[in-house]
Amino acid sequence: MEAAIRVADRGGVEAMTMRRVAQELGVEAMSLYHHVPNKDAILDGVVDAVFAAIELPTTERDDWRDAIRGRACSARTVLSRHSWALGLMDSRRNPGPATLRHHNAVLGVLREAGFTLPMAAHAISLIDSYISGFVLQESSLPMANPDDVEDVAGGILEHMPADELPYLAEMIADHALRPGYDHRNEFSYGLELILDTLEARRTSQ
């Protein structure tokens, strides 16, 4: 599945055809059918490979928050490399073994921490929606690192009517353009808010 992932990394899911995957492997498309029956099988395989790359949370850690935080950060890292997978992760009808192990491990951490089954379902939905949304937003931003922020935000500030948009001007000038600001750190801040809320619900349920 590594060849299919490389194809998707370059051109997205649409590029992941049997022909292109075969070209990536240096073989004829027809010979690929000896290994996978169709494109759906390739999609199932690449999704399972992406799940396999995400760190499995473990109940051996003392704090459920540490386990879920580690898994969330790992998922963000993996999905940032393969953002095309966002629309596929929950779309497959035939999840592979790595996918099933992953979901079971996340549920196990939450259930063993004392979450009721409905609360565990709410927690997974909330956390996964946050990870996916952040990765999608991050992949769409016109900046990739702190150095880009000054160019992009500075350019916006220079050309916008600051007197008409005072709050936006304040955000750019006094927050985004301050030394040391890194928009990528927003992920950790938001994740901690979610974990704090879930912990409060866990102890009050």
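FYI, it's all coordinate maths here, none of it is from the lab. Predicted, not measured: the structure shown is a model, and the values here were computed from it. Here the Cβ is made from the backbone with ideal geometry for all residues, glycine too, and neighbour counts use every protein chain on show.
The sole residue among 90, 128 that is of a type in the set (D, E, K, R) and loosely packed, with under 15 Cβ neighbours inside 10 Å is 90. Inside the stretch 107-117, residues that are surrounded by 13 or more Cβ atoms within 10 Å (Cβ to Cβ) and touching a residue at least 40 places away in the same chain (Cβ under 8 Å) make up a count of 6.
Might you let me know whether the stretch 168-188 holds any residue that is of a type outside the set (Val, Ile, Thr), in a helix (DSSP H, G or I), more than 30 Å from residue 119 (Cβ to Cβ) and touching a residue at least 24 places away in the same chain (Cβ under 8 Å)? Yes, the stretch 168-188 contains at least one residue that is of a type outside the set (Val, Ile, Thr), in a helix (DSSP H, G or I), more than 30 Å from residue 119 (Cβ to Cβ) and touching a residue at least 24 places away in the same chain (Cβ under 8 Å). Per the listing 153, 120, 162, the residue uniquely aliphatic (A, V, I, L, M), farther than 14 Å from residue 51 by Cβ, outside any helix (DSSP H, G or I) and without any contact (Cβ under 8 Å) to a residue 40 or more places away in the chain is 162. When the test is whether a residue is within 28 Å of residue 195 (Cβ to Cβ), surrounded by 14 or more Cβ atoms within 10 Å (Cβ to Cβ) and within 14 Å of the chain's Cα centre (by Cα), residue 67 does not pass it.
The residue that is nearest to residue 128 (Cα to Cα), counting only those in the stretch 156-205 that are of a type in the set (Phe, Trp, Tyr) and under 29 Å from the mean Cα position of the chain (by Cα), is 187.
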